[in-house]
Amino acid sequence: IQIRSDKDKEIHIRYSITGVGADQPPMEVFSIDPVSGRMYVTRPMDREERASYHLRAHAVDMNGNKVENPIDLYIYVIDMNDNRPEFINQVYNGSVDEGSKPGTYVMTVTANDADDSTTANGMVRYRIVTQTPQSPSQNMFTINSETGDIVTVAAGLDREKVQQYIVIVQATDMEGNLNYGLSNTATAIIMVTDVNDNPPEFTTSTYSGEVPENRVEVVVANLTVMDRDQPHSPNWNAIYRIISGDPSGHFTVRTDPVTNEGMVTVVKAVDYEMNRAFMLTVMVSNQAPLASGIQMSFQSTAGVTISVTDVNEAPYFPTNHKLIRLEEGVPTGTVLTTFSAVDPDRFMQQAVRYSKLSDPANWLNINATNGQITTAAVLDRESDYIKNNVYEATFLAADNGIPPASGTGTLQIYLIDINDNAPELLPKEAQICEKPNLNVINITAADADIDPNVGPFVFELPSVPSAVRKNWTITRLNGDYAQLSLRIMYLEAGVYDVPIIVTDSGNPPLYNTSIIKVKVCPCDENGDCTTIGAVAAAGLGTGAIIAILICIIILLS
């Protein structure tokens, strides 16, 4: 361009420019011939660095005086297609569910062009260059040429056949003109995500297993399944359910988390004598529901035959503990009961033999063949082996299996009391003053039996010797207590054996003649024996008493 002043015909004019690109950074992009006013570009310009410049042109005379007002110059850099489109990422990752319908959105790729976007230089268009693999179609995807959105264009995405597609995407400017435009490429990796479109199927229609009776928490059969969905995902994880053949709940099927196999496990003991075999029907499904439109396979059920093997079970006593009641004192050899056991192994035809395991008092015998129990001694309710009127013994029942098995049973014998113990007088010794009006002796009785074979008791003095009833008398207080006292006014100090007859209330009653040693002694005013009286009551002679008194006086002096 050239600038000129209207006054350049009259005087000599000098021209200059100022502003960005002249005397301001970037410096000296433009220059001007000071005489002709022609402007020049001094170096290449890049529109992508600066798209326009604002300069001011000046005109002065040879003395530097302004001859014209400065004018504004606006210089615009015209774009050239010198920049290729650049993708934001060189690799894009996306995913799409298998079985997706055509038109399903997958992902978006984006490329930017530094050229002027209002011109064809900066207008980018997209296209798919290649797709790997080309299965089931070479055109499984399409891309929106303006937005870069990738969508499915064909049906048939199947993760079990193709898990990943690699798509090369090209971005071209000049509105996609491959002859004139500049291009660049990026890679789109599209993962085909799993959906539950494959029901689990048993690898065979029947399975079998074996379990010994009475065993629990044992795996008796392993059920194998095939599932083509993604391993260890909810679409693959198997869940097993017994739908028939086990009404009592003896079995469950647990899933092996590693192999996905079904482990048929005994959770409730089975009895060979009740069930020799089980025919189970097991169904398998996934943790996640099947995809829409997918039906269960007929191979999703299988039959499982479980055989139960017999083992030698221990005999058991149906009534354990067994309680019987009888009177104590039955004769030796009396049959008390038959304490027999049952062998669960009905089909083995085994013999059961009996023996004693615990018989603390050794009172009982048991018939080794039939379990009949007889007495080996007289049973005594008052024995130390009796607790709360009950005697307890334990017996063993053993079969002749290989190896033999045994069980125990406890027999409890409740002994009914009979009146087999006469009462005993209490106390055995007592003390009384020689004068009858000072005190009395309280007496009672002890009886090893229990009601009604104990009190009320009858206390009486025998008629022989006659001196007993002459010197003593008994006064009844109640059914358990009486008082013994002197009948005569005075009885010489000494020790007297007083016989007393005690009778209980049993049917028939039992009685016992007991001796109570009574010390008769002189007493003080409080009714207590004096020291001399106590010595005299001990039966010492007069000389002995005098000697004892002399010793006491010497000690005190």
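Every number in this text was worked out from the coordinates using simple rules, so none of it is lab data. The shown structure was predicted, so the numbers you read here are calculated from the model rather than taken from an experiment. A quick note on method: Cβ atoms are made from the backbone with ideal geometry, for glycine too, and the neighbour counts reach across all protein chains shown.
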Debye calc, one equal point scatterer per Cα of the stretch 184-289, no solvent, log10 I(q)/I(0) at q = 0.12 1/Å comes to -0.48
Arg476 and Ser145 label points (each 7 Å along its Cα→Cβ direction) are spaced in nm at 13.5 nm
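Can you pull out the GluC sites (Glu not before Pro) in the stretch 86-181 that DSSP calls coil and that have at most 11 other Cβ atoms within 10 Å? Display every interim value, and only then the final one.
Values: sites: Glu86, Glu98, Glu146, Glu160, Glu175; in loops: Glu98, Glu146, Glu160.
Answer by residue number: there is no such site.
Give me the number: length gained by fully extending Val153 to Val219, i.e. 0.36 nm times residue separation minus the C-alpha to C-alpha distance, one decimal in nm.
Numbers: separation 66, 0.36 × 66 = 23.76 nm, distance 5.03 nm.
Between Val153 and Val219, full extension yields 18.7 nm more.
Full extension from Val390 to Ile450: what is 0.36 nm times the residue separation minus their Cα-Cα distance, to one decimal in nm?
Working: separation 60, 0.36 × 60 = 21.60 nm, distance 1.39 nm.
Taking 0.36 nm per residue and subtracting the Cα distance, the gain is 20.2 nm.
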Excluding residues fewer than 8 positions from Lys161 in its own chain, the lysines with Cα under 21 Å of it are Lys101
At 20 °C in a medium of viscosity 1.002 mPa s, the stretch 150-213 has a Stokes-Einstein diffusion coefficient, with Rh taken as the Kirkwood radius over alpha carbon pairs, in µm² per second, of 127 µm²/s
Cα extents of the stretch 424-537 per principal axis, largest first, Å, are 48, 27, 20
On the formula 1/(1 + (r/R0)^6), with r taken between the Cβ atoms of His232 and Asn312 and R0 of 60 Å, the FRET efficiency rounded to 0.05 is 0.85
Hydrodynamic calc, the stretch 322-416: Kirkwood Rh from Cα pairs, then Stokes-Einstein at 20 °C with viscosity 1.002 mPa s, so D in µm² s⁻¹ is 153 µm²/s
Taking a label point 7 Å from the Cα of Gln299 along Cα-to-Cβ, the residues of the stretch 130-163 whose backbone nitrogen sits under 17 Å from it are 160-161
Taking a straight Cα-to-Cα line shorter than 14 Å from Lys356, and setting aside same-chain aspartates and glutamates fewer than 8 residues away, one finds Glu392
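If r is the Cβ-Cβ distance from Val495 to Leu426 and R0 is 25 Å, what FRET efficiency results, to the nearest 0.05?
On the way: r = 18 Å, r/R0 = 0.73.
Taking R0 as 25 Å, the efficiency between Val495 and Leu426 is 0.85.
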Output row, site Asp256, 7 Å Cα→C-beta label point, backbone N cut-off 16 Å, window the stretch 207-249, residues 207-210, 218-227, 232, 237-240
extent check for the chain: Cα max minus min per principal axis, descending, whole Å, gives 190, 86, 38
Stretched fully, the stretch from Tyr511 through Ser137 gains (0.36 nm per residue minus C-alpha distance, one decimal, in nm) 122.7 nm
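Going by how many other Cβ atoms sit within 10 Å of their own, how do Tyr92, Tyr126 line up, fewest first?
Values: Tyr92 21, Tyr126 24.
Exposure proxy ranking, most exposed first: Tyr92, Tyr126.
Given R₀ = 51 Å, what would the calculated FRET efficiency be for Asp46 paired with Ala288, taking r from the Cβ atoms and rounding to 0.05? The partial results should precede the final answer.
Values: r = 57 Å, r/R0 = 1.13.
Once rounded, the FRET efficiency stands at 0.35.
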Once both label points are put 7 Å beyond Cα along the C-beta direction, the Val60-Thr203 separation in nm becomes 9.9 nm
The distance between the Cα centres of the stretch 266-325 and the stretch 25-81, in whole Å, is 99 Å
The base-10 log of I(q)/I(0) that the Debye equation returns for the stretch 211-361 at q = 0.15 Å⁻¹, one scatterer per C-alpha, is -0.87
For the chain, the charge dipole (Cβ of Lys, Arg +1; Cβ of Asp, Glu -1; about the Cα centre) points to a positive end, and the Cα of Ala154, Gly303, Leu323 closest to that extreme belongs to Leu323
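Size of the dipole of the chain about the Cα centre, Lys and Arg at +1 and Asp and Glu at -1 on the beta carbon, nothing else charged, in debye to 20? Numbers along the way, then the final one.
Details: 37 positive and 67 negative charges, 114 e Å.
The dipole of the chain has a size of about 540 debye.
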Rh_Kirkwood(the stretch 86-193) over Cα pairs, Å, one decimal, evaluates to 14.1 Å
Here, Ser463 and Glu160, labelled 7 Å along Cα→Cβ, have an inter-label distance in nm of 11.7 nm
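Tell me the mean residue ellipticity at 222 nm calculated for the chain from its helices only (DSSP H runs of n ≥ 4, each -39500 (n - 2.57), averaged over every residue, nearest 500). Provide the component values of the computation, followed by the final result.
Working: 3 runs with 28 residues, N = 557.
Helix-only estimate at 222 nm: -1500 deg cm²/dmol.
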Once normalised by the length of the chain, the mean sequence separation of its alpha carbon contacts under 8 Å that are 6 or more apart gives a contact order in percent of 7 percent
